[in-house]
Amino acid sequence: MKKSIVKNHFTAFANDWIKSSYEGGGYEYPTARHRLNVVRDILADINAPARITDLGCGGGHLAVHLAEAGHEVTGIDQSEEMIRISQSIAADRASHLKGTATFRQAELEELTVPQHDQDAVTSMGVIGYLAYDAPIFHAADALLK
């Protein structure tokens, strides 16, 4: 998909996407909520505080859950609206965070992050929106210890 189309979609429909993906309803299955639970269970054995980057963090739900478990999480998304929502959700849950959840807007191919210092990298749904897969694997490779 064209990057600009995806970015515009997730900016214009951020709240609708979050609602359908986490709450479901009608014919919609809450895919993101299911993926969050699977990823959270997989990462449950990682000792906190681990450093984790969530690529394509969307509304920040996974990052906040991981920060509640004591991890230091950085959420990255190309949509400024998703980052705004992520920051709002983290602020609302601040009293529950044992770790940290920070968020920033960035394009996957243009990440400027510390190299090789992350214990884990997550990305629950980005790959389906990429024109080709290599950028996400290159980013994960650059981030992971």
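The values are calculated or read from the model by the stated rules, or taken from the named source; none is laboratory data. As the structure is a computational prediction, the values presented were derived from the model and not from experiment. Cβ atoms come from the backbone with ideal geometry, glycine included; neighbour counts cover every protein chain shown. These area figures cover heavy atoms from the full protein model, side chains too; ligands, DNA and RNA do not enter into them. Shrake-Rupley method; radii C 1.70, N 1.55, O 1.52, S 1.80 Å.
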I need the full set of residues from segment 104-118 which are open to solvent by 80 Å² or more (accessible area, probe 1.4 Å), of a type in the set (Asp, Glu) and either on the phi > 0 side of the Ramachandran plot or under 16 Å from the mean Cα position of the chain (by Cα) (or both), in order please. Glu109
Any residue that is open to solvent by less than 70 Å² (accessible area, probe 1.4 Å) and on the phi > 0 side of the Ramachandran plot - is there at least one of those in segment 68-81? yes
So is Ser79 under 15 Å from the mean Cα position of the chain (by Cα) and closer than 24 Å to Ala139 by Cβ or not? yes
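Given the structure, is Ala91 exposed (fewer than 13 other Cβ atoms within 10 Å of the Cβ), small (Gly, Ala, Ser) and in contact (Cβ under 8 Å) with a residue 12 or more places away in the chain? Please lay out each step first, then the result.
Values: exposed (fewer than 13 other Cβ atoms within 10 Å of the Cβ): yes; small (Gly, Ala, Ser): yes; in contact (Cβ under 8 Å) with a residue 12 or more places away in the chain: no.
Taking the combined requirement at face value, the residue does not satisfy it.
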Subset of segment 14-55 [free of Cβ contacts under 8 Å to residues at least 40 places away in the same chain, closer than 27 Å to Val113 by Cβ and more than 15 Å from the chain's Cα centre (by Cα)]: Asp41, Ile42, Ala44, Asp45, Asn47
In segment 114-145, the residues that are part of a helix (DSSP H, G or I) and either in contact with a strand residue (DSSP E or B) (Cβ under 8 Å, 6 or more places away or on another chain) or of a type in the set (D, E, K, R) (or both): Ile136, Ala139, Ala140, Asp141, Leu143
Return only the number of the condition from (1) crowded, with 22+ Cβ neighbours inside 10 Å; (2) modelled with pLDDT of 90 or more that Ser21 does not satisfy. (2)
